[in-house]
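Scroll down for the structure; my scribbles are underneath it.
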Amino acid sequence: MMFIEEGIQKRMIDALFGSKTRVKLLHLFLNNPGKSFYVREITRLIDEQINSVRRELANMLKVGIIDSETADNKLYYAVSETYEHYEALRQIFAHDKTAHAQKVTAKSQSLSEIIREMREIRVAIAAGTLVPGSGSEVDLLLVGDIPARKTSKLIGLIEAQEGHEINYTTLAYDEFYYRLSVRDRFVTELLNNKHSVLADSEKLFGK
């Protein structure tokens, strides 16, 4: 019986480590116990295709390493701390030192520090849910020639740290400068609300 149980456990562990996407998911979940993620958020954080992520999440749910629950019309996933191999897996995957895991788990990293990692961002303004007391409908404005892929990764990281989706807008610098100069309604309303300038390489705001 013991040999049978050991064989079953081995097959379960082998199943868990069966793909690159699954390993990335294990790094994400085991470095963030108690934290839930939804599919699009996970896709951005681990930089894998959504179909692959959905398939591996289904496999991990079946094995029992993660649990799922629905909130706000979204399906969230989190590591199951009652899973029988949880502690063993934590020893393997927790406290990962790679840049990816550092970004996912660096909760002490400020929003401005995250923004400064992207040199393409010339202006960044936080408001809305990112700034206490702000009534803006926009949480983050990013200005610059920013590749869509980098924007997606950045927003995913910020959402992971904040624990919720954010409403963001991106503008080319010339468009933003024009809107600022003509007192465009969108820009004016953003700046009239409580906000925080996170990046301003052009010194438009006197910093």
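Nothing in this text is a laboratory measurement; each read-out follows from the coordinates by a stated rule. Since we're looking at a predicted model, the values are computed, not measured. Virtual Cβ from ideal backbone geometry, glycine too; neighbours counted across all protein chains shown.
Couple of notes before you dig in:
- Distance (nanometres) between label positions extended 7 Å along Cα→Cβ at residue 204 and residue 73: 3.3
- Burial ordering of 60, 118, fewest other beta-carbon atoms within 10 Å first: 118, 60
- For the pair the stretch 44-61 / the stretch 159-207, the C-alpha centres are spaced 33 Å from each other.
- Using the Cβ-Cβ distance between residue 81 and residue 120 with R0 set to 45 Å, the FRET efficiency works out to roughly 0.70.
- Listed by Cβ neighbour count within 10 Å, with the fewest neighbours leading, 92, 66 appear as 92, 66.
- Computed over neighbours whose Cβ is under 10 Å from that of residue 38, the net charge equals -2, Lys and Arg +1, Asp and Glu -1.
- For the cross-link pairs 24/203; 35/194; 35/203, the ones whose C-alpha atoms lie over 32 Å apart are 24/203; 35/203.
- Separation of the residue 58 and residue 197 label points, Cα + 7 Å toward Cβ, nm: 5.1
- Within-10-Å neighbourhood charge of residue 152 [Cβ basis; K, R +1; D, E -1]: +4
- Full-stretch length increase - residue 167, residue 186 - with 0.36 nm per residue and alpha-carbon distance subtracted: 5.5 nm
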